[in-house]
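Read through the structure below, which is laid out as structure tokens, and then see the notes.
Values in this text are rule-based calculations from the coordinates and carry no lab data. Just so we're clear, the structure is a prediction, and the values are computed from it rather than from any experiment. Here Cβ is always computed from backbone atoms with ideal geometry, including for glycine, and neighbour counts include all displayed protein chains.
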Amino acid sequence: MRGFTVGIKAGDASINVLKRHGITTLKEYDSYNDIIVAAKRHDLRLFCIDTPPALYYLYKYNMEHEFHSAFVLYSGQFHRAVRKGDKELLRLVEEGFKAIPDKEHKAINDRWLGEALVSQEHLRTMIIVGLTVAFIILVLFGFNIVLRRKVRGKTAELAATVDDLRKSELRFRAIFNSVSDCIFIHEIEHGSIIDINSRACEVFGYTRDEILHMEVQDLSSGQGEYAQAGALEMIRLTLVLGPQLRIWHAKRKDGTLFWVEVAMHKANLGGQDRILVSCHDITAQRLAMERLKQSEDKFSRLFRLSPDSIILSNATNGRLVDVNEAFTRTTGYERHEVIGKTAMELRLLPEEQALQRLHARLQEDGHLDNLEVEVRYKDGTLAHCSLSTQAVNIGPESYRLTIAHDITEMKKMHEVMVQTEKMLSVGGIAAGIAHEINNPLGIVLQAAQTLAQRLNPLLRKNQEAAKTAGLDLAALDHYAVERKLFIFLDDIRDAAMRASSIIRNMLDFSRRSESHRVQCSLGDIIDKAIVLAGSDYDLKKSYDFKKIKIIREGEATLPQVRCTETEIEQVVLNLLRNAAQAMCGAKQPIDHQPTITIRTTHNESRVRIEIEDNGPGMSAEVRRRVFEPFYTTKAPGVGTGLGLSVSYFIVTKGHGGVLSVDSRPGKGACFIIELPNADIGSQKENTDG
């Protein structure tokens, strides 16, 4: 027992006995049940327990054939007990035990308690015997494993193992009949079958005697090599070249055909050379392999030809195993750059929290269906994708198959459609509100102007009316100045004028421009807007274009566009002012040089202007609502919330173009204007006409 971990119940008297004999590698458990459970998990190979509970728990866990009693360490006194206070029952038990004859009493004790360990020498002898038996059992177990592997080409080890066990016919027979493969033993000269195992009888459907009186060709379908001549040739090849491995078509007693893998090698059994043949039924494997091959072919075609990105990753560690061509084409990564890496390492999902939420959903539901996430491609481009993930098993391994559909453009189109519909509905409301407010607003403005005139002490009519009423006009003027009535009137006029400006913007917002459109140069329009912005300074809004760096990028020459020059100039100027206010008038000013970059590009149908700043950027909520009328993030009185909405309608409704924004918190904002070039604009007008 030295060198082995021995399980023992905590507090058991046998602990001291074992330690006196030099056994110190003890592992204590709280109960006998815990010891047997540990043995069932193969955490223990030796344990010391009283015989009755050991038998009970081994039977309880169906382990009575896995563990056996090696020897009795020591015997103690047999105890008996009844419930405390029950003297009558105790008396009956005592009398009952006294009535048992000494011979029978000794037999009971021997059965339950065993015999005491006689001496250290006896223990050593038993240990040697036990280790010898254990070694033989391990050899037998190894032989069984080796015999299975011989079906796969390692028949030489099987022959060596059989040779090692030739002295024990009983043990050999037990192993011979316990293996799951069919075993045939042939004599060398004629190849006759001289022995078979039980498995061969079961698989082929014959009794042992029937097979021993048969020729080997009777077990073949006639289509393979396993006929009489073929078997003899195989024997000769085995004798000359060594072990042989073939696949044959075999035939059962009922005529059923099946595939077997046959391994043949020379072995010395009982001092005589024999040919040992093992047959393994591989029909199910061949059919499964054929179905798997067909399935793999279909999967491979779908995997390669899918227009969506497909990712195959290990379900355990998340590392990418394979990607299709759509993935490499969309993301810009080469296949060798991503294989073996995780999405976290590639930073495909820029937000770690999003990746954690994705893993949490997978853990909870086991799959994903059309989950929208933001992904980052190799060049840093951010895109929106719809992810669907499903667990798949390929052989013994578990994987996750993820299909990513890029919905960036679809999402932008959807946002534009929603924005356009929203603007159209709000435009009608704005027109009605503007007309309704215009009349009372005119009365307010006119009344404020009239009151200022009626309080002017220099006007002759005011002097005459004051004299008639007996009023000191100079005193009234002094009172008005002291009480700041003229300041209030100026505030009323300013507020009315501001409201009037808002109403004009609302009317511009609600109706399609009827201005005359001509062919214009966007470069000239941008230059004029920059000049106007450069002379703009607003103390209340806290921005000064003289402190802002303007960068021009893009193509030197652009196609002309058909537009109303003043309106597009107003749009560009609005966007420049907004950028300036965002960078210089933010609650937390930026700590770097405020910069506005203006880029111009074009394609066959459209001219594109990008106005990008390096300001604080926008949240997703602000970005969605930025073109809504009256929506503003500025302080009350600073902005009307109509500048961007009017610009939106000038570009989209008035000129058939697109106005969009791309922004993230801390990354600035980029407003994008796309207008049809002159030819496309003319065609559209002719179509509309």
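See the values below:
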read-out	value
Karplus-derived 3J(HN,Hα), 6.51/-1.76/1.60, for each residue of segment 472-481, Hz, glycine and proline x	7, 5, 5, 5, 5, 5, 5, 4, 4, 5
Under Karplus coefficients 6.51, -1.76 and 1.60, residue-wise ³J(HN,Hα) of segment 92-104 in Hz, glycine/proline x	5, 5, 4, 5, x, 5, 5, 6, 6, x, 4, 5, 5
Principal axis box of segment 296-406, alpha-carbon based, largest edge first, Å	34, 32, 24
Sparsely packed trypsin sites (Lys or Arg not before Pro) within segment 1-50, loop by DSSP, other Cβ within 10 Å at most 16	R2, R41, R45
GluC sites (Glu not before Pro) within segment 1-110: DSSP coil, no more than 16 neighbouring Cβ in 10 Å	E64, E66
Above-threshold pairs, the threshold being 32 Å between Cα atoms, out of K378/K411; K341/K411; K40/K251; K27/K84; K60/K251	K40/K251; K27/K84; K60/K251
Residues with amide H under 5 Å from that of V392, placed H, sequence gap 5 or more	Y399, R400, L401
Long-range HN-HN contacts of G554 with modeled amide H, under 5 Å	T600
